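*Asks:* Take a look at the following structure, please.
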Amino acid sequence: MQFLKTIGHEKQKQLFERVVKNGRLGHAYALVGEQGIGKTAFALELALILGADPVLDVFMLGQEGQIGVEEARSLQSVLALSPVGKYKAAIINADALGVEAANAFLKTLEEPPAHSLLFLITSNFYSLLPTIASRVQKIVFSIADDETVKTALARFDLDDSSREEIASFAAGRIGIAVRLAGDEQFFEFTRSCVAYYEAFALPSATDRLKTAEKVASLETPQIKYFLNSSLRSFAREPKSLELGRKLGTALNDL
């Protein structure tokens, strides 16, 4: 097995190399870790390495929003079809599974079609239904160090300053780093999030209220991204315990 695109996650690569070599490949895995660290990219490349056809054998669910009940229910019949390659693989954003869709998906886990592979991608393993969690093998992914992140940015035409800035914003999340390098709008929004966080730490109530108004005008996913980004900044350099508490409370409320 040779991963050509996935950078980092060496322990996880070695684990799958061992299970394949020993003929102990399971049919369902939960890839667990922070959002944006490359779990989906890892699962996709692994599926192709194992012999799934990239067009006809690989199915992505929940990448654009919540997974519907019918979509979850129909997965078993789709996977039951004979693969063009060696396997049919489903890569599922488990964080987009509501309770009803998760229960519909459970049948696929209980009666997995032959030649099928299931990869559940989640940032919180304990949010999975117990009946689902008990039927998958949990593989934990960690954030990368800054040097590994910079290696992942090598294919982009970046100066040293931009590379350093992106690595700082990414905070060990290779997927986020790649998106920052390739999406200027996302990069500028992330810069804005850092500025908002700094403004919330200012002593002036007027400045803080003006910043709060700007944040409140964002879409909910953007607000969540800002809060998560700010909490990471707070963890690296706490401004005040009160600010950290308020950021955490706001994220929990959302």
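*Asks:* Filter segment 106-134 for residues that are surrounded by 15 or more Cβ atoms within 10 Å (Cβ to Cβ) and more than 27 Å from G175 (Cα to Cα) and give the result.
*Replies:* Scanning segment 106-134 gives L106, T108, L109, P112, P113, H115.
*Asks:* Residue check: is L15 open to solvent by 20 Å² or more (accessible area, probe 1.4 Å), out of contact with any Ser or Thr (no Cβ under 9 Å at 6 or more places or on another chain) and outside any helix (DSSP H, G or I)?
*Replies:* Answer is no for this residue.
*Asks:* Report yes if A167 is of a type in the set (G, A, S) and either modelled with pLDDT of 90 or more or buried (at least 16 other Cβ atoms within 10 Å of the Cβ) (or both), otherwise no.
*Replies:* Yes: the conditions hold for A167.
*Asks:* Taking F189 as the residue in question, decide whether it is over 30 Å from E45 (Cβ atoms) and touching a residue at least 24 places away in the same chain (Cβ under 8 Å).
*Replies:* no
*Asks:* For I37, only one of the following conditions fails: (1) under 19 Å from the mean Cα position of the chain (by Cα); (2) under 24 Å from S82 (Cα atoms); (3) open to solvent by less than 10 Å² (accessible area, probe 1.4 Å). What is its number?
*Replies:* (2)
*Asks:* May I ask you to list the residues in segment 232-254 that are open to solvent by 60 Å² or more (accessible area, probe 1.4 Å) and farther than 15 Å from V215 by Cβ?
*Replies:* A235, R236, E237, P238, K239, L241, E242, R245, N252 - these are the residues of segment 232-254 that are open to solvent by 60 Å² or more (accessible area, probe 1.4 Å) and farther than 15 Å from V215 by Cβ.
*Asks:* Could you identify the single residue in S162, S192 that is of a type in the set (S, T, N, Q), within 16 Å of L227 (Cα to Cα) and over 20 Å from the mean Cα position of the chain (by Cα)?
*Replies:* S192
*Asks:* Pairs needed: first member in segment 14-25, closer than 16 Å to F141 by Cβ and touching a residue at least 24 places away in the same chain (Cβ under 8 Å); second member anywhere, open to solvent by less than 90 Å² (accessible area, probe 1.4 Å) and part of a helix (DSSP H, G or I); C-beta distance under 9 Å; at least 6 residues apart or different chains.
*Replies:* Listed pairs, sorted by first residue: F16/L46; F16/I49.
*Asks:* For segment 55-89, name all the residues that are closer than 29 Å to G8 by Cβ and in contact with a Leu (Cβ under 6 Å, 6 or more places away or on another chain).
*Replies:* I67, Y87, K88, A89
*Asks:* Select from segment 50-83 the residues that are in contact with a Phe, Trp or Tyr (Cβ under 6 Å, 6 or more places away or on another chain) and either touching a residue at least 40 places away in the same chain (Cβ under 8 Å) or buried (at least 16 other Cβ atoms within 10 Å of the Cβ) (or both) and write down the one among them that is nearest to I121 (Cα to Cα).
*Replies:* A72
*Asks:* Now for a different question. I'm trying to understand the selection: among the residues of segment 94-105, which are touching a strand residue (DSSP E or B) at 6+ places or on another chain (Cβ under 7 Å) and open to solvent by 40 Å² or more (accessible area, probe 1.4 Å)?
*Replies:* D95
*Asks:* Scan segment 172-186 and tell me whether some residue there is over 19 Å from the mean Cα position of the chain (by Cα), farther than 19 Å from G38 by Cα and surrounded by 13 or more Cβ atoms within 10 Å (Cβ to Cβ).
*Replies:* no
*Asks:* Given the conditions (1) surrounded by 21 or more Cβ atoms within 10 Å (Cβ to Cβ); (2) in contact with a Ser or Thr (Cβ under 8 Å, 6 or more places away or on another chain); (3) at pLDDT 90 or above; (4) under 25 Å from A152 (Cβ atoms), which single one is not true for A47?
*Replies:* Among (1) surrounded by 21 or more Cβ atoms within 10 Å (Cβ to Cβ); (2) in contact with a Ser or Thr (Cβ under 8 Å, 6 or more places away or on another chain); (3) at pLDDT 90 or above; (4) under 25 Å from A152 (Cβ atoms), the lone unmet condition for A47 is (2).
The values are calculated or read from the model by the stated rules, or taken from the named source; none is laboratory data. Quick caveat, the model's predicted, so the values are computed rather than measured. In this analysis, Cβ positions are derived from the backbone assuming ideal geometry, glycine residues included, and neighbour counts consider all displayed protein chains. The accessibility values were calculated without ligands, DNA or RNA, using every heavy atom of the protein model including side chains. Shrake-Rupley method; radii C 1.70, N 1.55, O 1.52, S 1.80 Å.
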